Amino acid sequence: MIRDPELINQLVDTIARFVRERLIPNEARLAEEDAVPPEILAEMKEMGLFGLSIPEEYGGLGLTMEEEALVAMEIGKTSPAFRSVFGTNNGIGAQGILIDGTDEQKAKYVPRLATGEILSSFCLTEPDSGSDAASLRTTAVRDGDHYILNGTKRYITNGPEADLFTVMARTDPNNKGAGGISAFIVEGNTLG
Ligand SMILES: Cc1cc2nc3c(=O)[nH]c(=O)nc-3n(C[C@H](O)[C@H](O)[C@H](O)COP(=O)(O)OP(=O)(O)OC[C@H]3O[C@@H](n4cnc5c(N)ncnc54)[C@H](O)[C@@H]3O)c2cc1C
């Protein structure tokens with residue numbers, strides 16, 4: 001659904017210009033340095049790209065699916081690595097917290113995801129668990145008032161840079177399917 005055609009056209013035009021004038025000319029540098037240049041990252045934050053589809057009440061732009069698709073088609077005209085860096089905050093990095101988090105978790109993390117102050121990551125895939133995600137082996141065992149997580153993840157977008165991780169781990173060893181798995185919010189500075 002397009003809520004305000006004039007407004008979304010303005011946004012899409014702005015992003016198209018950003019892709020043409022700032023991202024495409026920096027593609028070679030991105031590949032060479034294997035990182036999004038810091039000034040580009042700052043411009044992305046300034047433009048609100050980290051909160052495109054995060055609800056307005058948490059400081060995002062609250063784009064609808066159709067509006068986001070129009071934006072994605074413009075961003076798709078340059079290296080996917082540029083989209084990846086802010087796409088995760090909008091999608092798998094924030095959506096789990098928005099859908100199933102407590103009000104306290106939403107208030108604590110989502111506004112900072114929307115501005116790009118923190119980078120997020122979604123940790124489901126493991127060396128022996130890809131398409132069949134419910135077979136994952138990472139465990140989470142309660143120890144007093146906290147959990148101890150053990151396991152290995154791979155192919156995790158933003159893994160080396162993220163400040164906040166949604167980690168899927170098995171909390172019920174007797175349930176080998178999806179029902180035995182829980183999602184944990186793990187801050188990047190957590191010990192271990
Ligand atoms: C760019 C990129 C970013 C990613 N980011 C993330 C991330 O942020 N977080 C995260 O958790 N994961 C991430 N992943 C991992 C992604 O979710 C997995 O790659 C995906 O789930 C597939 O798992 P796999 O690579 O182990 O392949 P496999 O599951 O081993 O599949 C290999 C091939 O076998 C086929 N296949 C599998 N099972 C069957 C079956 N039963 N019948 C027939 N064919 C089958 C598949 O279609 C595929 O072609 C990312 C992957 C990529 C490439």
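The values are calculated or read from the model by the stated rules, or taken from the named source; none is laboratory data. Keep in mind that what you see is a predicted model, and the values were worked out from it rather than measured. We place every Cβ from the backbone using ideal geometry, glycine too, and count neighbours over all the protein chains shown. Side chains included, ligands, DNA and RNA excluded: accessible areas come from the protein's heavy atoms. Shrake-Rupley method; radii C 1.70, N 1.55, O 1.52, S 1.80 Å.
Overview of results
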{"quantity": "Per residue value of the accessible surface for the chain (all protein chains in place, 1.4 Å probe), Å²", "calculated": "57"}
{"quantity": "Loop-located trypsin sites (Lys or Arg not before Pro) in the range 1-96, at most 15 other Cβ atoms within 10 Å (DSSP)", "calculated": "ARG3, LYS77"}
{"quantity": "Largest-first ordering by accessible area, 1.4 Å probe, given options LEU61, LEU119", "calculated": "LEU61, LEU119"}
{"quantity": "Chymotrypsin sites (Phe, Trp or Tyr not before Pro) restricted to the range 75-173 and DSSP loop, no more than 13 other C-beta within 10 Å", "calculated": "TYR155"}
{"quantity": "Within the range 41-57, backbone nitrogen closer than 16 Å to the virtual label 7 Å beyond the Cα of ASP103 toward Cβ", "calculated": "57"}
{"quantity": "FRET efficiency, GLU21 to HIS146 (Cβ-Cβ, R0 30 Å, nearest 0.05)", "calculated": "0.05"}
{"quantity": "Against the rule of thumb 2.2 N^0.38 Å, how large the Cα Rg of the range 119-187 comes out", "calculated": "1.07"}
{"quantity": "Convex hull of the range 72-192 built on C-alpha atoms - directionally averaged projected area, nm²", "calculated": "8.6"}
{"quantity": "Restricting the range 101-187 to trypsin sites (Lys or Arg not before Pro) in coil, as DSSP defines it, with at most 16 other Cβ within 10 Å", "calculated": "ARG137, ARG154, LYS176"}
{"quantity": "Exceeding the 31 Å Cα-Cα cut-off - candidates LYS45/LYS153; LYS106/LYS153; LYS77/LYS108", "calculated": "LYS77/LYS108"}
{"quantity": "Fluctuation leader among GLU117, GLU67, GLU21 - the chain, Gaussian network, Cα springs under 10 angstrom", "calculated": "GLU21"}
{"quantity": "The chain, helix-only ellipticity at 222 nm - DSSP H runs n ≥ 4, -39,500 (n - 2.57), divided by all residues, nearest 500", "calculated": "-11000 deg cm²/dmol"}
{"quantity": "Candidates GLY179, GLY96, GLY144: whichever shows maximal mean-square fluctuation once the chain is modelled as a Gaussian network with Cα springs under 10 Å", "calculated": "GLY144"}
{"quantity": "The chain - charge dipole about Cα centre, Lys and Arg +1 at Cβ, Asp and Glu -1, debye rounded to 20", "calculated": "500"}
{"quantity": "Accessible carbon and sulfur surface of the range 119-187 relative to its total accessible area, %, 1.4 Å", "calculated": "49"}
{"quantity": "Per-residue SASA entry for LEU41, accessible area with 1.4 Å probe, Å² rounded to 10", "calculated": "50"}
{"quantity": "Antiparallel DSSP beta bridges within the range 27-176, as percent of all bridges there, nearest 5", "calculated": "55"}
